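Participant: Below is the structure I would like to discuss, written out as C-alpha coordinates.
The values are calculated or read from the model by the stated rules, or taken from the named source; none is laboratory data. Since this is a predicted model, take the numbers as computed values, not measurements. Every residue, glycine as well, gets a Cβ built from its backbone with ideal geometry; the counts of neighbours run over all protein chains shown.
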(Lines give C-alpha, C1' and ligand atoms only; values in the text may rest on other atoms or scores of the structure.)
Protein backbone atom coordinates (compact mmCIF):
# COMPACT_ATOMS: atom_id res chain seq x y z
CA UNK A 1 0.00 0.00 0.00
CA UNK A 2 1.23 3.48 -0.78
CA UNK A 3 2.11 5.34 2.38
CA UNK A 4 -0.05 8.27 3.39
CA UNK A 5 1.78 11.40 4.57
CA UNK A 6 1.63 12.08 8.29
CA UNK A 7 0.01 15.43 7.73
CA UNK A 8 -2.90 13.62 6.04
CA UNK A 9 -3.16 11.23 8.99
CA UNK A 10 -3.46 14.21 11.33
CA UNK A 11 -5.92 15.96 9.05
CA UNK A 12 -8.15 12.89 9.02
CA UNK A 13 -7.94 12.70 12.82
CA UNK A 14 -9.12 16.28 13.05
CA UNK A 15 -11.93 15.50 10.63
CA UNK A 16 -12.90 12.54 12.79
CA UNK A 17 -13.05 14.72 15.86
CA UNK A 18 -15.34 17.12 14.05
CA UNK A 19 -17.50 14.17 12.96
CA UNK A 20 -17.13 15.08 9.31
CA UNK A 21 -17.74 12.06 7.11
CA UNK A 22 -17.43 14.32 4.09
CA UNK A 23 -13.89 15.16 5.05
CA UNK A 24 -13.14 11.48 5.33
CA UNK A 25 -14.62 10.75 1.95
CA UNK A 26 -12.37 13.37 0.44
CA UNK A 27 -9.22 11.90 1.97
CA UNK A 28 -8.87 9.30 -0.76
CA UNK A 29 -9.51 5.58 -0.67
CA UNK A 30 -6.76 3.10 -0.12
CA UNK A 31 -5.93 0.54 -2.77
CA UNK A 32 -6.86 -3.08 -2.08
CA UNK A 33 -4.00 -5.03 -0.51
CA UNK A 34 -1.78 -7.15 -2.68
CA UNK A 35 -1.99 -10.92 -2.28
CA UNK A 36 -0.59 -11.99 1.05
CA UNK A 37 -0.30 -8.40 2.29
CA UNK A 38 -1.59 -7.67 5.80
CA UNK A 39 -4.30 -4.99 5.44
CA UNK A 40 -4.96 -2.16 7.84
CA UNK A 41 -8.52 -1.98 9.17
CA UNK A 42 -10.99 0.57 7.86
CA UNK A 43 -11.04 3.84 9.74
CA UNK A 44 -13.91 3.86 12.28
CA UNK A 45 -16.85 5.87 11.04
CA UNK A 46 -17.59 8.63 13.50
CA UNK A 47 -21.22 9.14 12.41
CA UNK A 48 -22.38 5.62 13.26
CA UNK A 49 -25.83 5.65 14.91
CA UNK A 50 -26.09 4.46 18.48
CA UNK A 51 -27.91 1.19 19.33
CA UNK A 52 -31.59 1.83 20.00
CA UNK A 53 -31.89 4.71 17.51
CA UNK A 54 -34.16 4.35 14.44
CA UNK A 55 -31.22 4.34 12.02
CA UNK A 56 -29.26 1.74 13.95
CA UNK A 57 -28.14 -1.39 12.14
CA UNK A 58 -25.59 -4.02 13.17
CA UNK A 59 -22.05 -3.25 12.07
CA UNK A 60 -21.36 -4.30 8.51
CA UNK A 61 -19.34 -7.46 8.02
CA UNK A 62 -15.68 -6.82 7.45
CA UNK A 63 -14.61 -8.07 4.03
CA UNK A 64 -12.13 -10.72 5.01
CA UNK A 65 -12.46 -9.01 8.42
CA UNK A 66 -9.75 -6.51 7.82
CA UNK A 67 -9.66 -5.49 4.15
CA UNK A 68 -9.42 -1.70 3.92
CA UNK A 69 -12.22 0.33 2.39
CA UNK A 70 -10.60 3.73 2.69
CA UNK A 71 -8.89 5.96 5.20
CA UNK A 72 -5.32 6.59 6.23
CA UNK A 73 -2.81 3.79 6.45
CA UNK A 74 0.32 3.27 8.48
CA UNK A 75 2.53 6.23 9.31
CA UNK A 76 5.25 6.49 6.65
CA UNK A 77 8.98 6.15 7.21
CA UNK A 78 10.84 9.34 7.99
CA UNK A 79 12.36 11.32 5.17
CA UNK A 80 16.02 12.11 5.66
CA UNK A 81 16.42 14.74 8.35
CA UNK A 82 12.68 15.06 8.92
CA UNK A 83 11.14 14.85 12.39
CA UNK A 84 7.56 13.57 12.22
CA UNK A 85 4.95 15.92 13.66
CA UNK A 86 7.22 18.97 13.64
CA UNK A 87 4.76 21.15 11.71
CA UNK A 88 1.88 20.17 13.99
CA UNK A 89 4.03 20.91 17.02
CA UNK A 90 5.02 24.35 15.79
CA UNK A 91 1.39 25.17 15.03
CA UNK A 92 0.37 24.15 18.56
CA UNK A 93 3.06 26.38 20.06
CA UNK A 94 1.87 29.34 17.99
CA UNK A 95 -1.81 28.82 18.65
CA UNK A 96 -1.95 28.22 22.41
CA UNK A 97 1.32 28.80 24.27
CA UNK A 98 -0.51 29.43 27.56
CA UNK A 99 -2.38 26.11 27.44
CA UNK A 100 0.73 24.24 26.32
CA UNK A 101 2.75 25.55 29.25
CA UNK A 102 0.01 25.14 31.85
CA UNK A 103 1.07 23.77 35.23
CA UNK A 104 1.81 20.05 35.19
CA UNK A 105 1.74 19.54 31.42
CA UNK A 106 4.46 17.33 29.92
CA UNK A 107 5.99 19.40 27.13
CA UNK A 108 8.72 18.03 24.90
CA UNK A 109 7.34 15.83 22.13
CA UNK A 110 7.40 16.90 18.50
CA UNK A 111 4.08 15.38 17.49
CA UNK A 112 0.74 14.10 18.80
CA UNK A 113 0.87 11.80 21.84
CA UNK A 114 -0.41 8.23 21.45
CA UNK A 115 0.63 6.58 24.75
CA UNK A 116 0.71 7.59 28.42
CA UNK A 117 1.47 5.31 31.39
CA UNK A 118 2.16 6.28 35.01
CA UNK A 119 4.30 4.44 37.57
CA UNK A 120 2.43 5.66 40.63
CA UNK A 121 4.96 4.23 43.08
CA UNK A 122 7.82 6.22 41.55
CA UNK A 123 5.92 9.29 40.33
CA UNK A 124 7.22 8.74 36.83
CA UNK A 125 5.46 8.88 33.48
CA UNK A 126 6.22 7.31 30.10
CA UNK A 127 4.82 8.89 26.93
CA UNK A 128 4.93 7.79 23.29
CA UNK A 129 4.40 10.00 20.28
CA UNK A 130 4.15 10.33 16.51
CA UNK A 131 7.63 11.87 16.73
CA UNK A 132 9.11 8.34 16.99
CA UNK A 133 10.15 8.92 20.61
CA UNK A 134 9.33 7.59 24.06
CA UNK A 135 9.97 10.06 26.88
CA UNK A 136 10.46 9.48 30.62
CA UNK A 137 9.28 12.14 33.06
CA UNK A 138 9.70 12.74 36.79
CA UNK A 139 6.46 14.24 38.11
CA UNK A 140 7.22 14.07 41.85
CA UNK A 141 7.85 17.82 42.16
CA UNK A 142 5.79 20.87 41.33
CA UNK A 143 7.32 21.09 37.86
CA UNK A 144 7.65 17.95 35.69
CA UNK A 145 11.22 17.08 34.72
CA UNK A 146 12.21 15.38 31.47
CA UNK A 147 14.57 12.52 32.37
CA UNK A 148 15.07 10.69 29.08
CA UNK A 149 14.15 11.00 25.43
CA UNK A 150 14.47 7.61 23.73
CA UNK A 151 14.13 8.15 20.00
CA UNK A 152 15.59 5.02 18.44
CA UNK A 153 12.26 3.81 17.03
CA UNK A 154 11.34 3.15 13.43
CA UNK A 155 7.87 4.65 13.57
CA UNK A 156 5.29 6.35 15.74
CA UNK A 157 5.28 4.99 19.30
CA UNK A 158 1.77 3.72 20.04
CA UNK A 159 2.28 1.80 23.30
CA UNK A 160 4.62 1.99 26.29
CA UNK A 161 4.91 0.14 29.61
CA UNK A 162 7.02 0.09 32.76
CA UNK A 163 8.45 -3.25 33.89
CA UNK A 164 8.76 -4.40 37.51
CA UNK A 165 10.71 -1.90 39.61
CA UNK A 166 10.45 0.79 36.95
CA UNK A 167 14.07 0.65 35.80
CA UNK A 168 13.16 -0.93 32.46
CA UNK A 169 10.42 -0.16 29.96
CA UNK A 170 8.97 -1.36 26.67
CA UNK A 171 7.93 0.64 23.62
CA UNK A 172 6.19 -0.47 20.42
CA UNK A 173 4.65 1.27 17.46
CA UNK A 174 3.88 1.58 13.78
CA UNK A 175 7.02 -0.05 12.47
CA UNK A 176 9.83 -2.18 13.78
CA UNK A 177 10.31 -4.29 16.89
CA UNK A 178 9.20 -4.13 20.50
CA UNK A 179 12.15 -2.42 22.20
CA UNK A 180 13.25 -3.15 25.77
CA UNK A 181 14.86 -0.05 27.31
CA UNK A 182 17.14 0.49 30.31
CA UNK A 183 15.73 3.68 31.81
CA UNK A 184 18.84 4.34 33.93
CA UNK A 185 21.23 4.41 30.99
CA UNK A 186 18.85 5.17 28.12
CA UNK A 187 20.20 2.15 26.22
CA UNK A 188 18.15 -0.32 24.20
CA UNK A 189 18.68 -3.75 25.81
CA UNK A 190 16.80 -5.95 23.34
CA UNK A 191 14.55 -5.90 20.30
CA UNK A 192 11.72 -8.42 20.01
CA UNK A 193 10.67 -9.09 16.42
CA UNK A 194 7.82 -11.07 14.93
CA UNK A 195 4.82 -8.85 14.22
CA UNK A 196 4.21 -7.98 10.58
CA UNK A 197 2.03 -4.88 11.07
CA UNK A 198 1.75 -1.99 13.48
CA UNK A 199 1.60 -2.72 17.21
CA UNK A 200 -1.12 -0.81 19.04
CA UNK A 201 -1.41 -2.50 22.47
CA UNK A 202 1.08 -3.51 25.15
CA UNK A 203 0.82 -5.02 28.63
CA UNK A 204 3.23 -6.49 31.22
CA UNK A 205 2.30 -9.34 33.56
CA UNK A 206 2.03 -8.49 37.27
CA UNK A 207 5.27 -10.36 38.06
CA UNK A 208 7.15 -8.67 35.21
CA UNK A 209 7.98 -11.99 33.52
CA UNK A 210 5.91 -11.61 30.36
CA UNK A 211 4.94 -8.88 27.95
CA UNK A 212 2.02 -9.12 25.54
CA UNK A 213 1.50 -7.07 22.40
CA UNK A 214 -1.52 -6.52 20.14
CA UNK A 215 -1.04 -5.96 16.43
CA UNK A 216 -2.99 -5.21 13.29
CA UNK A 217 -1.48 -8.41 11.83
CA UNK A 218 -4.45 -10.10 13.62
CA UNK A 219 -2.27 -11.67 16.29
CA UNK A 220 -1.16 -10.99 19.81
CA UNK A 221 2.26 -12.18 20.94
CA UNK A 222 3.90 -13.03 24.24
CA UNK A 223 7.51 -12.12 24.99
CA UNK A 224 9.65 -13.67 27.73
CA UNK A 225 11.26 -10.72 29.51
CA UNK A 226 13.47 -12.96 31.65
CA UNK A 227 15.01 -15.04 28.86
CA UNK A 228 14.60 -12.29 26.24
CA UNK A 229 12.94 -14.75 23.89
CA UNK A 230 9.71 -14.71 21.87
CA UNK A 231 6.87 -16.66 23.45
CA UNK A 232 3.61 -18.06 22.06
CA UNK A 233 1.72 -16.41 19.21
CA UNK A 234 -1.97 -15.88 20.06
CA UNK A 235 -4.00 -16.46 16.91
CA UNK A 236 -7.64 -16.81 15.93
CA UNK A 237 -9.04 -13.28 15.76
CA UNK A 238 -10.70 -12.45 12.44
CA UNK A 239 -9.57 -8.83 12.49
CA UNK A 240 -6.80 -6.61 13.83
CA UNK A 241 -6.03 -7.04 17.52
CA UNK A 242 -6.27 -3.70 19.30
CA UNK A 243 -5.32 -4.36 22.93
CA UNK A 244 -4.14 -6.92 25.48
CA UNK A 245 -4.34 -7.35 29.26
CA UNK A 246 -3.15 -9.92 31.82
CA UNK A 247 -5.18 -11.54 34.59
CA UNK A 248 -4.30 -10.65 38.17
CA UNK A 249 -2.31 -13.88 38.62
CA UNK A 250 -0.52 -13.51 35.28
CA UNK A 251 -1.65 -16.96 34.11
CA UNK A 252 -4.11 -15.69 31.50
CA UNK A 253 -3.97 -12.99 28.85
CA UNK A 254 -6.98 -11.34 27.25
CA UNK A 255 -7.13 -9.89 23.75
CA UNK A 256 -9.52 -7.34 22.21
CA UNK A 257 -10.12 -7.14 18.48
CA UNK A 258 -11.77 -5.24 15.69
CA UNK A 259 -13.82 -8.42 15.14
CA UNK A 260 -15.81 -7.52 18.29
CA UNK A 261 -14.46 -10.29 20.52
CA UNK A 262 -12.54 -10.38 23.78
CA UNK A 263 -10.67 -13.70 24.02
CA UNK A 264 -8.81 -15.57 26.76
CA UNK A 265 -5.51 -17.40 26.22
CA UNK A 266 -3.23 -19.40 28.54
CA UNK A 267 0.10 -17.62 29.03
CA UNK A 268 2.20 -20.76 29.55
CA UNK A 269 1.12 -22.47 26.32
CA UNK A 270 -0.51 -19.72 24.27
CA UNK A 271 -3.55 -21.97 23.86
CA UNK A 272 -6.91 -20.36 23.17
CA UNK A 273 -9.18 -20.96 26.15
CA UNK A 274 -12.50 -19.40 25.18
CA UNK A 275 -14.23 -16.27 23.98
CA UNK A 276 -14.92 -14.04 26.99
CA UNK A 277 -17.29 -11.54 25.38
CA UNK A 278 -18.79 -10.92 21.94
CA UNK A 279 -19.61 -7.25 21.65
CA UNK A 280 -20.58 -7.09 17.98
CA UNK A 281 -18.64 -3.87 17.35
CA UNK A 282 -14.87 -3.59 17.32
CA UNK A 283 -13.29 -3.44 20.78
CA UNK A 284 -10.58 -0.77 20.87
CA UNK A 285 -9.18 -0.79 24.41
CA UNK A 286 -9.01 -3.08 27.44
CA UNK A 287 -7.88 -2.79 31.07
CA UNK A 288 -8.26 -4.89 34.21
CA UNK A 289 -10.26 -3.40 37.06
CA UNK A 290 -7.96 -3.26 40.14
CA UNK A 291 -8.71 -5.82 42.81
CA UNK A 292 -10.46 -8.19 40.42
CA UNK A 293 -10.15 -9.90 37.06
CA UNK A 294 -13.06 -7.95 35.59
CA UNK A 295 -12.19 -6.14 32.37
CA UNK A 296 -13.24 -2.64 31.35
CA UNK A 297 -13.44 -2.13 27.59
CA UNK A 298 -14.17 0.62 25.12
CA UNK A 299 -15.64 0.01 21.68
CA UNK A 300 -15.98 1.38 18.19
CA UNK A 301 -19.66 2.29 18.60
CA UNK A 302 -19.00 4.50 21.63
CA UNK A 303 -19.96 2.00 24.30
CA UNK A 304 -17.85 1.11 27.33
CA UNK A 305 -18.51 -1.57 29.89
CA UNK A 306 -17.17 -4.05 32.39
CA UNK A 307 -17.22 -7.80 31.73
CA UNK A 308 -16.48 -10.78 33.97
CA UNK A 309 -13.99 -13.24 32.43
CA UNK A 310 -15.24 -15.86 34.90
CA UNK A 311 -18.61 -16.25 33.15
CA UNK A 312 -18.54 -13.78 30.26
CA UNK A 313 -21.36 -11.70 31.68
CA UNK A 314 -21.62 -7.95 31.21
CA UNK A 315 -21.23 -6.60 34.76
CA UNK A 316 -22.26 -3.09 33.78
CA UNK A 317 -22.42 -0.77 30.81
CA UNK A 318 -20.78 2.58 31.49
CA UNK A 319 -22.13 5.80 30.07
CA UNK A 320 -21.55 5.73 26.32
CA UNK A 321 -20.00 8.29 23.97
CA UNK A 322 -21.19 9.62 20.64
CA UNK A 323 -17.90 8.52 19.05
CA UNK A 324 -15.56 5.55 19.55
CA UNK A 325 -13.95 5.03 22.95
CA UNK A 326 -10.20 5.23 22.34
CA UNK A 327 -8.70 5.07 25.83
CA UNK A 328 -9.39 3.63 29.28
CA UNK A 329 -7.51 3.98 32.56
CA UNK A 330 -7.83 2.47 36.03
CA UNK A 331 -6.34 3.12 39.46
CA UNK A 332 -6.72 1.13 42.67
CA UNK A 333 -6.45 4.12 44.99
CA UNK A 334 -8.91 5.77 45.18
CA UNK A 335 -10.62 3.13 43.01
CA UNK A 336 -11.44 4.84 39.72
CA UNK A 337 -12.09 4.01 36.05
CA UNK A 338 -11.83 6.55 33.23
CA UNK A 339 -12.79 6.49 29.56
CA UNK A 340 -11.71 8.83 26.78
CA UNK A 341 -13.44 9.24 23.44
CA UNK A 342 -12.80 10.36 19.89
CA UNK A 343 -15.22 13.20 20.60
CA UNK A 344 -12.96 14.49 23.40
CA UNK A 345 -15.22 13.20 26.16
CA UNK A 346 -13.58 12.22 29.45
CA UNK A 347 -15.58 10.34 32.09
CA UNK A 348 -14.48 9.15 35.52
CA UNK A 349 -16.34 6.39 37.38
CA UNK A 350 -16.02 4.90 40.85
CA UNK A 351 -14.89 1.30 40.38
CA UNK A 352 -16.73 0.00 43.45
CA UNK A 353 -20.21 0.68 42.07
CA UNK A 354 -19.52 2.32 38.66
CA UNK A 355 -21.07 5.63 39.67
CA UNK A 356 -20.27 8.40 37.19
CA UNK A 357 -18.25 10.92 39.21
CA UNK A 358 -16.94 13.46 36.73
CA UNK A 359 -17.63 14.22 33.09
CA UNK A 360 -15.90 16.77 30.89
CA UNK A 361 -15.60 17.63 27.25
CA UNK A 362 -12.07 18.30 26.05
CA UNK A 363 -12.47 21.03 23.41
CA UNK A 364 -9.01 20.36 21.98
CA UNK A 365 -9.47 17.00 20.26
CA UNK A 366 -9.81 13.23 20.78
CA UNK A 367 -8.38 11.39 23.78
CA UNK A 368 -5.91 8.81 22.46
CA UNK A 369 -4.19 7.98 25.75
CA UNK A 370 -4.83 8.53 29.45
CA UNK A 371 -3.67 7.46 32.90
CA UNK A 372 -4.22 8.56 36.48
CA UNK A 373 -1.58 10.51 38.37
CA UNK A 374 -0.14 9.03 41.55
CA UNK A 375 -2.63 10.73 43.87
CA UNK A 376 -5.66 9.74 41.79
CA UNK A 377 -6.80 13.37 41.80
CA UNK A 378 -5.61 14.22 38.30
CA UNK A 379 -5.01 12.57 34.94
CA UNK A 380 -2.56 12.76 32.09
CA UNK A 381 -4.24 12.98 28.68
CA UNK A 382 -2.67 12.49 25.25
CA UNK A 383 -4.11 13.42 21.88
CA UNK A 384 -3.53 15.70 18.92
CA UNK A 385 -1.37 18.11 20.93
CA UNK A 386 2.40 17.68 21.00
CA UNK A 387 2.26 17.73 24.79
CA UNK A 388 0.48 15.78 27.51
CA UNK A 389 -2.23 17.67 29.38
CA UNK A 390 -2.48 17.22 33.13
CA UNK A 391 -6.17 17.52 33.96
CA UNK A 392 -7.17 18.03 37.57
CA UNK A 393 -10.17 15.86 38.41
CA UNK A 394 -10.45 16.57 42.11
CA UNK A 395 -10.90 19.37 43.10
CA UNK A 396 -12.78 20.07 39.90
CA UNK A 397 -10.85 21.84 37.17
CA UNK A 398 -12.48 21.89 33.76
CA UNK A 399 -10.85 22.42 30.40
CA UNK A 400 -12.65 25.73 30.17
CA UNK A 401 -13.18 28.51 32.76
CA UNK A 402 -15.69 27.60 35.46
CA UNK A 403 -17.74 30.22 37.24
CA UNK A 404 -17.53 29.35 40.95
CA UNK A 405 -16.80 31.06 44.28
CA UNK A 406 -13.18 31.76 45.22
CA UNK A 407 -11.46 30.68 47.24
CA UNK A 408 -12.88 27.19 46.98
CA UNK A 409 -13.05 25.07 50.12
CA UNK A 410 -9.66 23.48 49.49
CA UNK A 411 -7.93 26.86 48.97
CA UNK A 412 -8.30 28.25 52.50
CA UNK A 413 -5.20 30.05 53.70
CA UNK A 414 -6.12 32.19 56.70
CA UNK A 415 -4.21 31.75 59.98
CA UNK A 416 -5.81 31.77 63.44
CA UNK A 417 -5.13 31.25 67.12
CA UNK A 418 -8.35 29.23 67.39
CA UNK A 419 -7.72 25.45 67.10
CA UNK A 420 -11.15 24.94 65.50
CA UNK A 421 -10.34 27.52 62.82
CA UNK A 422 -6.93 25.95 62.24
CA UNK A 423 -8.60 22.54 62.04
CA UNK A 424 -10.97 23.88 59.41
CA UNK A 425 -7.95 24.69 57.26
CA UNK A 426 -6.55 21.17 57.78
CA UNK A 427 -9.89 19.68 56.79
CA UNK A 428 -10.07 21.87 53.68
CA UNK A 429 -6.60 20.82 52.58
CA UNK A 430 -6.56 17.16 53.60
CA UNK A 431 -10.14 15.90 53.68
CA UNK A 432 -12.62 18.08 51.77
CA UNK A 433 -11.64 16.75 48.36
CA UNK A 434 -12.96 13.31 49.29
CA UNK A 435 -15.41 13.88 52.16
CA UNK A 436 -18.42 16.07 52.83
CA UNK A 437 -19.79 17.00 56.27
CA UNK A 438 -23.40 17.44 55.23
CA UNK A 439 -25.84 14.74 56.42
CA UNK A 440 -27.86 14.77 53.19
CA UNK A 441 -25.11 15.60 50.70
CA UNK A 442 -23.87 13.12 48.12
CA UNK A 443 -20.71 11.22 48.88
CA UNK A 444 -17.54 12.35 47.25
CA UNK A 445 -14.62 9.92 47.10
CA UNK A 446 -15.50 8.73 50.57
CA UNK A 447 -18.68 8.79 52.64
CA UNK A 448 -19.94 11.81 54.56
CA UNK A 449 -18.26 12.43 57.91
CA UNK A 450 -21.43 13.84 59.44
CA UNK A 451 -21.94 12.12 62.79
CA UNK A 452 -18.69 10.17 62.49
CA UNK A 453 -17.83 10.08 66.21
CA UNK A 454 -19.34 6.97 67.75
CA UNK A 455 -19.97 5.41 64.34
CA UNK A 456 -18.61 1.97 63.53
CA UNK A 457 -16.24 1.81 60.58
CA UNK A 458 -17.78 0.93 57.20
CA UNK A 459 -21.33 1.20 58.52
CA UNK A 460 -22.85 4.14 56.62
CA UNK A 461 -25.77 2.82 54.51
CA UNK A 462 -25.48 3.12 50.76
CA UNK A 463 -21.71 3.52 50.46
CA UNK A 464 -19.75 0.74 48.63
CA UNK A 465 -17.03 -0.02 51.18
CA UNK A 466 -14.23 -2.40 50.24
CA UNK A 467 -14.52 -5.89 51.74
CA UNK A 468 -11.45 -5.59 54.06
CA UNK A 469 -12.98 -2.45 55.60
CA UNK A 470 -16.17 -4.29 56.49
CA UNK A 471 -14.25 -6.72 58.71
CA UNK A 472 -12.30 -4.17 60.77
CA UNK A 473 -13.25 -3.76 64.43
CA UNK A 474 -13.00 0.02 64.79
CA UNK A 475 -15.33 2.64 66.21
CA UNK A 476 -14.50 6.21 65.27
CA UNK A 477 -13.52 8.27 68.29
CA UNK A 478 -11.12 11.16 68.72
CA UNK A 479 -8.42 8.61 69.53
CA UNK A 480 -9.02 6.34 66.52
CA UNK A 481 -9.24 9.28 64.09
CA UNK A 482 -5.93 10.56 65.48
CA UNK A 483 -4.39 7.11 64.97
CA UNK A 484 -5.64 6.98 61.38
CA UNK A 485 -3.71 10.14 60.50
CA UNK A 486 -0.73 9.34 62.69
CA UNK A 487 -0.10 5.89 61.16
CA UNK A 488 -1.73 6.33 57.75
CA UNK A 489 -4.61 4.33 56.25
CA UNK A 490 -2.33 1.63 54.81
CA UNK A 491 -1.34 0.72 58.41
CA UNK A 492 -4.41 1.54 60.47
CA UNK A 493 -7.09 0.46 57.99
CA UNK A 494 -5.38 -2.04 55.64
CA UNK A 495 -7.38 -2.74 52.51
CA UNK A 496 -8.83 0.76 52.39
CA UNK A 497 -8.94 2.62 49.09
CA UNK A 498 -8.08 5.84 50.93
CA UNK A 499 -4.91 7.32 49.41
CA UNK A 500 -1.81 7.70 51.56
CA UNK A 501 -2.59 10.51 53.98
CA UNK A 502 -0.53 11.06 57.14
CA UNK A 503 -0.26 13.98 59.53
CA UNK A 504 2.97 13.65 61.48
CA UNK A 505 2.42 16.92 63.36
CA UNK A 506 0.51 16.16 66.57
CA UNK A 507 -0.76 19.75 66.86
CA UNK A 508 -2.26 19.61 63.38
CA UNK A 509 -4.01 16.35 64.21
CA UNK A 510 -5.45 17.87 67.36
CA UNK A 511 -6.63 20.93 65.41
CA UNK A 512 -8.34 18.72 62.82
CA UNK A 513 -10.09 16.69 65.53
CA UNK A 514 -11.21 19.87 67.29
CA UNK A 515 -12.82 21.04 64.07
CA UNK A 516 -14.38 17.64 63.28
CA UNK A 517 -15.79 17.45 66.82
CA UNK A 518 -17.71 20.68 66.14
CA UNK A 519 -18.41 20.30 62.43
CA UNK A 520 -19.71 16.73 62.37
CA UNK A 521 -22.30 17.03 65.13
CA UNK A 522 -25.92 17.85 64.22
CA UNK A 523 -26.22 21.62 63.81
CA UNK A 524 -22.42 21.90 63.92
CA UNK A 525 -20.20 24.50 62.33
CA UNK A 526 -20.15 22.77 58.94
CA UNK A 527 -23.88 22.60 58.31
CA UNK A 528 -24.54 24.69 55.22
CA UNK A 529 -21.07 26.10 54.75
CA UNK A 530 -17.64 24.84 53.75
CA UNK A 531 -18.42 21.14 53.46
CA UNK A 532 -20.70 21.45 50.48
CA UNK A 533 -22.14 24.91 50.01
CA UNK A 534 -19.34 26.06 47.74
CA UNK A 535 -19.93 23.08 45.48
CA UNK A 536 -23.65 23.72 45.31
CA UNK A 537 -23.11 27.37 44.48
CA UNK A 538 -20.41 26.84 41.88
CA UNK A 539 -21.04 23.36 40.57
CA UNK A 540 -17.64 22.28 41.79
CA UNK A 541 -17.61 18.66 42.85
CA UNK A 542 -19.74 15.66 42.21
CA UNK A 543 -19.03 12.49 44.20
CA UNK A 544 -15.62 10.95 43.51
CA UNK A 545 -14.54 7.51 44.80
CA UNK A 546 -12.38 6.43 47.77
CA UNK A 547 -13.03 4.41 50.94
CA UNK A 548 -13.04 5.46 54.56
CA UNK A 549 -14.19 5.74 57.25
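Participant: Does any residue of the stretch 135-148 turn out to be part of a strand (DSSP E or B), closer than 21 Å to residue 285 by Cβ and at pLDDT 95 or above?
Facilitator: So the first thing to find is which residues in the stretch 135-148 are part of a strand (DSSP E or B), and the list is 135-138, 145-148.
With closer than 21 Å to residue 285 by Cβ added as a condition, the list becomes none.
Within the stretch 135-148, not a single residue is part of a strand (DSSP E or B), closer than 21 Å to residue 285 by Cβ and at pLDDT 95 or above.
Participant: Within the stretch 269-277, can one find any residue that is outside any strand (DSSP E or B), farther than 19 Å from residue 117 by Cβ, under 20 Å from the mean Cα position of the chain (by Cα) and at pLDDT 95 or above? First the steps, then the outcome.
Facilitator: Initially, the stretch 269-277 is screened for residues outside any strand (DSSP E or B), giving 269-271.
Restricting the remaining residues to those that are farther than 19 Å from residue 117 by Cβ gives 269-271.
If we keep only those that are under 20 Å from the mean Cα position of the chain (by Cα) as well, we get none.
No, the conditions are met nowhere in the stretch 269-277.
Participant: Right, here's the next one. For the stretch 176-206, which positions are farther than 17 Å from residue 135 by Cα, in a strand (DSSP E or B) and more than 22 Å from the chain's Cα centre (by Cα)? If you could, list the steps in order and put the result at the bottom.
Facilitator: Taking the stretch 176-206 as the starting set, the residues that turn out to be farther than 17 Å from residue 135 by Cα are 176-177, 190-201, 203-206.
Those still in the list that are in a strand (DSSP E or B) too: 190-192, 199-201, 203-204.
Listed by number, the residues that qualify are 190, 191, 192.
Participant: When only residues in the stretch 125-141 that are in contact with a strand residue (DSSP E or B) (Cβ under 6 Å, 6 or more places away or on another chain) and within 21 Å of residue 376 (Cα to Cα) count, which is surrounded by the fewest Cβ atoms within 10 Å (Cβ to Cβ)? Break it down into steps so the answer makes sense when it comes.
Facilitator: Let us first name the residues in the stretch 125-141 that are in contact with a strand residue (DSSP E or B) (Cβ under 6 Å, 6 or more places away or on another chain), namely 125-129, 133-139.
Filter again for within 21 Å of residue 376 (Cα to Cα), leaving 125-127, 136-139.
Numbers: 125: 26, 126: 27, 127: 26, 136: 22, 137: 22, 138: 15, 139: 21.
Among them, the one singled out is 138.
Participant: Can you tell me how many residues within the stretch 368-397 are without any contact (Cβ under 8 Å) to a residue 40 or more places away in the chain and buried (at least 21 other Cβ atoms within 10 Å of the Cβ)?
Facilitator: Final tally of qualifying residues: 0.
Participant: With the requirement that a residue be assigned to a strand (DSSP E or B) and more than 15 Å from the chain's Cα centre (by Cα), what does the stretch 100-123 give you?
Facilitator: 106, 107
Participant: Right, another one. Right, residue 290: in contact (Cβ under 8 Å) with a residue 40 or more places away in the chain, closer than 25 Å to residue 464 by Cβ, buried (at least 21 other Cβ atoms within 10 Å of the Cβ) and touching a strand residue (DSSP E or B) at 6+ places or on another chain (Cβ under 7 Å) or not? Spell out the reasoning first.
Facilitator: Values: in contact (Cβ under 8 Å) with a residue 40 or more places away in the chain: yes; closer than 25 Å to residue 464 by Cβ: yes; buried (at least 21 other Cβ atoms within 10 Å of the Cβ): no; touching a strand residue (DSSP E or B) at 6+ places or on another chain (Cβ under 7 Å): yes.
For residue 290, the condition - in contact (Cβ under 8 Å) with a residue 40 or more places away in the chain, closer than 25 Å to residue 464 by Cβ, buried (at least 21 other Cβ atoms within 10 Å of the Cβ) and touching a strand residue (DSSP E or B) at 6+ places or on another chain (Cβ under 7 Å) - is not met.
Participant: Same structure, new question: Tally time: how many residues in the stretch 461-473 are outside any helix (DSSP H, G or I) and touching a residue at least 40 places away in the same chain (Cβ under 8 Å)?
Facilitator: Narrowing the stretch 461-473 to residues outside any helix (DSSP H, G or I): 461-466, 471-473.
Checking which are touching a residue at least 40 places away in the same chain (Cβ under 8 Å) leaves us with 464-466.
Residues meeting the conditions: 3.
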